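**Student:** What follows is a structure written as structure tokens; I'll ask about it next.
The values are calculated or read from the model by the stated rules, or taken from the named source; none is laboratory data. Note that the structure is a prediction, hence the values are computed from the model and not measured. Here the Cβ positions follow ideal geometry from the backbone for every residue, glycine too, while neighbour counts run over all protein chains shown.
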Amino acid sequence: MSTAAIELKGITKRFGSVVANKNISLSVQNGEILSLLGENGSGKTTLMNMISGIYHPDEGQIFINGQEAVIASPHDAYDYKIGMIHQHFKLVDVFSAAENIVLGMNDGKKFNMNDVYARVSQICEKYGFEIDAHKKIYQMSVSEKQTVEIIKVLYRGADILILDEPTAVLTPQETQTLFKVLRRMRDDGKAIIIITHKLHEVLSISDRVSVLRRGEYVGTLRTADTNEIELTEMMVGKKISLNIERSEPHDIKDRLVVSNIQCNSREGVRLLDNVSFVARSGEILGIAGIAGSGQRELLEAIAGLQHIDSGSIIYNNPKTGVQDNLRDKTPIQIRDLGVRLSFVPEDRLGMGLVGNMDIVDNMMLRSYRHGKGIFLKRAEPKALADKIISDLQVVTPGTSTPVRRLSGGNVQKVLVGREIAAAPTVLMAAYPVRGLDINSSYTIYNLLNEQKEHGVAVIFVGEDLDVLIELCDRIMVIGGGRVTGIVDARNTTKEEIGLLMTKTDGGQTNE
Amino acid sequence: MNEKIKHTEPLIRISKRDDLVWWKSWLVRVIAVVLALVLCSVIIILITGYNPIQVYLAMIRGSFGTNRKLWIMLQNLAMLLCISLAVTPAFKMRFWNIGAEGQVLVGGLATAAVMFYAKDSLPPFIMIITMLAASLAAGIIWAMIPAFFKAKWNTNETLFTLMMNYVATQLVSFFIMIWVPSGSSVMGIINQDSQAGWLPEIFGQKYLLNILIVAAVTIAMFIYLKYSKQGYEISVVGESENTAKYIGINVKKVILRTMGLSGAICGLAGFLLVSGTNHTITTTTAGGMGFTAIMVSWLGKFNAVIMVLTSFIIVFLQRGAGEIATKFNLNQSVADILTGIILFFIIGCEFFVNYKINFRTGHKEGK
Amino acid sequence: MLTTIASFINAAIIQGIPLLYGATGEIITEKSGNLNLGIPGIMYIGGISGIVGGYIYEYYTPEPVAALCIIIPLLCSLLASAFMAFIYSFLTITLRANQNVTGLALTTFGVGVGNFLGGSLQSFFGKSGSISLLTTGNYYKTPLPFAEKLGLFGQTFLSFGFLAYLAVIIAVICAFVLKKTRIGLNLRAVGESPATADAAGINVTRYKYVATCTGGAIAGLGGLYFVMDYIAGAWTNDGFGDRGWLAIAIVIFALWKPDLSILCSFIFGGLYIICTYIPGLSSASKELIKMLPYVVTIIVLVVISARKRRENQPPAHLGLPYFREER
């Protein structure tokens, strides 16, 4: 075989003390599609960002067509004929497709949009895209925007294409169209890397698969020689025992009954599709799924932050026995009903806490309205802050330190501590241990377990399957906004959950 | 293949810093002011040939030299501070109210209208209360209009409030034309003889009441922003709308309420300027203070107490420069030049307070 | 009647020219995402620096040459205005200062410098009275040579000095550059989404600097036109008035389109003086009519925000700072 189009040797990248990529080596030939497979947080995107010039590797080398390359900026990547299609599109909304495609280019020739249109339609014909180059981006569907991004890269003459989870936002039909295009590009001699965690797609599109796990390189297989089971095992790894103590749930009652929730984005994309489940008191319900499968919308719908189109969210009040529908209520209305709902959102400093405020003021976010009068009462939140700092061992110079200066783990302790202090009956936590070190993670696990033992209905959205299996009582798996299965955490395997996570259309009705 | 492409890491990397101790950050600001003064000195020497030290001494005399000068300076300080306090809650909410000029003007206009039409028909106390209420209402309306559209359609508030200033100016011209039939377009002192609607002198000082009122507003605003529930809501909305929604704050309501407050204090400033200071209204009653206030508030980091200091700096510069203009036979506008230069330096120095500059060090791996 | 209309149109254009310069300059600036509220100050600087240049030249030269009488003030004006815009750029782009605060400080400074020099220039040269650059002013006022021959049409549309035509030409060029060229496309992208532009390999910082300084230089010519042509080489303190803010209003009214701003400037120019052409107006109603441009601008602003037509919105990143995320 000839020299690889791109080859990585011993790439390591650290962010602070976290090793995002550890000694990774892989290569792609011209005329080949390589799938890069791995769970969330396994380091796929970080690795690709180093090829496209967004990050710079701490160690290791990148070879392009056999020559060592230093890629310091996205511009350099273009010079090396590398093009990356990010998950979040970088397009100017009020520009037409063609204007976006040609943006920032200077081929030294006279600028003429007609030439651009001509070349764009050439590219479209060659690879089978269907796009109206005159159409404005804001009028486009997600898949059209993605097409524009791909043409943009091809227009710049890219020979190496990297696609970061391109199918995450596409319907099955659109995915098929995309794959057709990718195959044509491969046949045209391009080297293509596609980041994904959908196994059936890996098997249908790629020539070879490289698997990453927790920032480490696991191995590369020829797609023809492997199958879903083998890939799942490589992806999720051997079961690791975490020794999280899990008590048997007792005194279980249905606390929150969610039935048939539907919810669409402003662009009309279905975010939640017929989601139904029950969260019970004294139990931890885990929610597993690929990032962006609707977890956030689900929790926000329950918390009164997301409008839903249909369905109901019934809360059984343990004190009064009254049943309330929380659908389309504001957070204040929900609280006025006597619903004690606590929510640890994924976006800690952008939603759960205010980074520029100190710990005491952040403690007040939920409770500042308490009491009569127009003035704030800082004594209680101050006491709460002191209590959380000592109970949860928050490392901080004092209660008057802005929370943005705390480390990730301490920020999370402050947030979780505050939410638990409200004595909730339902506690929702989205990725509460993301970015935390082992000790902080265990503090959070213990807190959740404690709440469960106090009879709280805990909903835990997580990404680490080992944690989900050891911490939760039941695990609900969602994929593409749908519930693909609810399993008993004591009798499941990572493989079972992994397969459910990647099942987006199987078993369910096709649109 | 790409031998010619040179790849280097950038020479300077800028990163946010958050651990500058307070005295260091103030040191940076003092250095900036000193540098600005040095530059001003150079300009003064170039223009006048005078010794800049003498010029600066003259400036100090201009502000503090006599009792009268001191009172005028305090009065100017009070008015600028009052308007700065007015815009502060809006800014804290990240609502760019640059319409203070207009809000002050309509407040003053309302006061003047009451004075003009009521003459001495009302008992003094009722008169003052009516004037005050009218100017507060006028200021609130003027500020709520852009706030309403901001809340409803997210209409750009910077441009909206800016335009409202000139509508207010023309409105004042309009009423002056109506009130002064001769067409001289100068209002003259209202109720010169009866002094109806004039704020009383206390302890024989014309401006003392103004100053005391603004002092009270300063303390109230400090407490409001720091210790009240509403002030807390303003901070949360300003820092993160997402967080505000998460804890159930009605963001639109907060926008309207806060701008209402902002307009009310502007209205108050208009009232004080007309009833307490000038006893007349012109299109320049606000005298650009609505714009200067924006800088005062921003430089004072939206802290009512620090704003006393920043507005003092600006008023001192303007009074002092006015003095040297007279003394050294220069044009009064020299004040604006000096103010501008010092503002540039203070604005610029915030960068060095907030950011760290790292120069490229060492060698890269690989090559 | 016809002559009245003709003289009204003529006067509207004369009033519209400084506004057009200001609006064009501000559009170019805002297209890069910078909301430069220092434009009014820059226009003062553009005027006074032209005066200073012309004054010194006339003072030291017994018989001023036409070409130099024109070129010296023109260059002074361009350079000084661009330098003002450079101060703004340095503070907001490199030092990341707040755009509104910086712009307002610039206006304070610019108006101050204008009034200071305008008021003191004579005394610096040991003279008294107000500045009068008759020779230079006359050169600037020279109309197109064939204007006389074309009767009413010539009087209405061709009787201006060259700066008037230059204003229209610059606006047309800017419209062309924004719409049809690579630079224009890149510039618009910088104002809409600097992160996208950055990722596409556009040097965002350079574009912002160049656009802001160019915009400042263009706006400054509005001040130059005012002092040299409109008031024929003289200076009155605060004489330029609030035209700078009116120019910013036109930017909104013209929906950030330089070609449209030509028409809008003349409309606003007309509104500025229409009261003297309507017979029987009380002086109070005149003031109300002067309010019109601002009221109309507000209505336009509200309507575009309510209609949410994407093409008519302000540049999406207007007024916001941009810097690549640091790690």
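**Student:** Hey, can you tell me all the residues within the range A:212-223 that are outside any loop (DSSP other than H, G, I, E, B), in contact with a strand residue (DSSP E or B) (Cβ under 9 Å, 6 or more places away or on another chain) and either more than 14 Å from residue A:26 (Cβ to Cβ) or not hydrophobic (A, V, I, L, M, F, W, C) (or both)?
**Tutor:** A:216, A:217, A:219, A:220, A:222, A:223, listed by residue number.
**Student:** Still on this structure, please answer the following. Restricting attention to the range A:292-306, and to residues there that are in a loop (DSSP other than H, G, I, E, B) and out of contact with any strand residue (DSSP E or B) (no Cβ under 7 Å at 6 or more places or on another chain), which single residue is farthest from residue A:331 (Cα to Cα)?
**Tutor:** Only one residue tops the list, namely A:292.
**Student:** Taking only the range C:287-317 into account, find how many residues are more than 8 Å from chain B (Cβ to nearest Cβ), in contact (Cβ under 8 Å) with a residue 40 or more places away in the chain and part of a loop (DSSP other than H, G, I, E, B).
**Tutor:** Residues in the range C:287-317 being more than 8 Å from chain B (Cβ to nearest Cβ), in contact (Cβ under 8 Å) with a residue 40 or more places away in the chain and part of a loop (DSSP other than H, G, I, E, B): 3 in total.
**Student:** Next up: Looking at the range B:55-111 only, could you name the residues that are closer than 14 Å to residue B:267 by Cβ and among the hydroxyl-bearing types (Ser, Thr, Tyr)?
**Tutor:** Hit for the range B:55-111 is B:111, nothing else.
**Student:** For residue A:278, are the conditions met, namely being surrounded by 16 or more Cβ atoms within 10 Å (Cβ to Cβ) and over 23 Å from the mean Cα position of the chain (by Cα)?
**Tutor:** yes
**Student:** Would you check if residue A:174 is more than 14 Å from chain C (Cβ to nearest Cβ), closer than 30 Å to residue A:232 by Cβ, of a type in the set (Asp, Glu) and touching a strand residue (DSSP E or B) at 6+ places or on another chain (Cβ under 9 Å)?
**Tutor:** It is false that residue A:174 is more than 14 Å from chain C (Cβ to nearest Cβ), closer than 30 Å to residue A:232 by Cβ, of a type in the set (Asp, Glu) and touching a strand residue (DSSP E or B) at 6+ places or on another chain (Cβ under 9 Å).
**Student:** Moving on. Give, as residue ranges, the helices (runs of 4 or more DSSP H) completely inside the range C:150-241 that count at least 2 residues that are away from chain A (no Cβ under 14 Å) and among the aliphatic types (A, V, I, L, M).
**Tutor:** C:162-180, C:204-225
For (1) crowded, with 24+ Cβ neighbours inside 10 Å; (2) more than 14 Å from every other protein chain (Cβ to nearest Cβ); (3) closer than 27 Å to residue B:64 by Cβ, each residue gets a yes or a no:
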| position | (1), (2), (3) |
| --- | --- |
| B:251 | no, no, no |
| B:270 | yes, yes, no |
| B:278 | no, yes, yes |
| B:282 | no, no, no |
| B:290 | yes, no, yes |
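**Student:** May I ask you to list the residues in the range B:321-337 that are in a helix (DSSP H, G or I), at pLDDT below 85 and under 26 Å from the mean Cα position of the chain (by Cα)?
**Tutor:** B:321, B:322, B:323, B:324, B:325, B:326, B:334, B:335, B:336
**Student:** Restricting to the range A:388-413, name every residue that is of a type in the set (D, E, K, R) and either crowded, with 20+ Cβ neighbours inside 10 Å or more than 12 Å from residue A:349 (Cα to Cα) (or both).
**Tutor:** Hits for the range A:388-413 are A:391, A:413.
Residue by residue, here is whether (1) within 14 Å of chain A (Cβ to nearest Cβ); (2) out of contact with any Cys (no Cβ under 9 Å at 6 or more places or on another chain) holds:
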site: B:184; (1), (2): no, yes
site: B:195; (1), (2): no, yes
site: B:203; (1), (2): no, yes
site: B:207; (1), (2): no, yes
site: B:212; (1), (2): no, yes
site: B:216; (1), (2): no, yes
site: B:232; (1), (2): yes, yes
site: B:257; (1), (2): yes, yes
site: B:265; (1), (2): no, no
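**Student:** Output the residues belonging to the range A:201-234 that are among the hydroxyl-bearing types (Ser, Thr, Tyr) and over 22 Å from the mean Cα position of the chain (by Cα).
**Tutor:** A:204, A:206, A:220, A:223, A:226, listed by residue number.
**Student:** Right, here's the next one. Which of (1) touching a residue at least 24 places away in the same chain (Cβ under 8 Å); (2) away from chain A (no Cβ under 14 Å); (3) not aromatic (Phe, Trp, Tyr) is the odd one out, the single condition residue B:309 does not satisfy?
**Tutor:** (1)
**Student:** Would you mind stating whether residue C:24 is crowded, with 24+ Cβ neighbours inside 10 Å, polar (S, T, N, Q) and modelled with pLDDT of 95 or more?
**Tutor:** In short, yes.
**Student:** With respect to residue B:284, is the statement that it is of a type outside the set (A, V, I, L, M, F, W, C), under 17 Å from the mean Cα position of the chain (by Cα) and more than 30 Å from residue B:130 (Cα to Cα) true?
**Tutor:** no
**Student:** May I ask you to list the residues in the range B:93-114 that are closer than 18 Å to residue B:190 by Cα and modelled with pLDDT under 90?
**Tutor:** Selection gives nothing.
**Student:** How do the helices (runs of 4 or more DSSP H) wholly within the range A:49-135 filter down when requiring 2 or more residues that are at the interface with another protein chain (Cβ under 10 Å from one of its Cβ atoms) and crowded, with 20+ Cβ neighbours inside 10 Å: which remain?
**Tutor:** Result: A:74-79, A:97-102.
**Student:** Being more than 10 Å from every other protein chain (Cβ to nearest Cβ), of a type outside the set (Ser, Thr, Tyr), in contact with a helix residue (DSSP H, G or I) (Cβ under 7 Å, 6 or more places away or on another chain) and at positive phi narrows it down to one of B:328, B:302, so name that one.
**Tutor:** Going through B:328, B:302 in turn, just one is more than 10 Å from every other protein chain (Cβ to nearest Cβ), of a type outside the set (Ser, Thr, Tyr), in contact with a helix residue (DSSP H, G or I) (Cβ under 7 Å, 6 or more places away or on another chain) and at positive phi: B:302.
**Student:** Got a number for residues in the range C:247-286 being buried (at least 24 other Cβ atoms within 10 Å of the Cβ), closer than 19 Å to residue C:34 by Cβ and away from chain B (no Cβ under 14 Å)?
**Tutor:** 2
**Student:** Oh, and also: Just to verify a result, which residue in the range B:142-170, among those that are in a helix (DSSP H, G or I) and hydroxyl-bearing (Ser, Thr, Tyr), is surrounded by the most Cβ atoms within 10 Å (Cβ to Cβ)?
**Tutor:** B:161
**Student:** Looking only at the range B:62-85, which residues are at pLDDT below 85 and touching a Lys or Arg at 6+ places or on another chain (Cβ under 8 Å)?
**Tutor:** B:62, B:63, B:69
**Student:** Sticking with this one: Has the range A:257-274 got at least one residue that is loosely packed, with under 14 Cβ neighbours inside 10 Å and modelled with pLDDT of 80 or more?
**Tutor:** yes
Yes or no, residue by residue, for (1) more than 30 Å from residue B:287 (Cβ to Cβ); (2) in contact with a strand residue (DSSP E or B) (Cβ under 6 Å, 6 or more places away or on another chain); (3) of a type in the set (Ser, Thr, Tyr); (4) at pLDDT below 90:
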residue: C:115; (1), (2), (3), (4): no, no, no, yes
residue: C:142; (1), (2), (3), (4): yes, no, yes, yes
residue: C:151; (1), (2), (3), (4): yes, no, no, yes
residue: C:154; (1), (2), (3), (4): yes, no, no, yes
residue: C:159; (1), (2), (3), (4): yes, no, yes, yes
residue: C:169; (1), (2), (3), (4): yes, no, no, no
residue: C:202; (1), (2), (3), (4): yes, no, no, yes
residue: C:210; (1), (2), (3), (4): yes, no, no, no
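**Student:** Quick test of your reading of the structure: residue B:241 fulfils all but one of (1) over 21 Å from residue B:294 (Cα atoms); (2) of a type in the set (D, E, K, R); (3) away from chain A (no Cβ under 12 Å). Name the failing condition by number.
**Tutor:** The single condition residue B:241 does not satisfy is (3).
**Student:** Can I ask one more? Could you list, in sequence order, the residues of the range C:113-136 that are crowded, with 22+ Cβ neighbours inside 10 Å, in a helix (DSSP H, G or I) and away from chain B (no Cβ under 12 Å)?
**Tutor:** Passing the criteria: only C:136.
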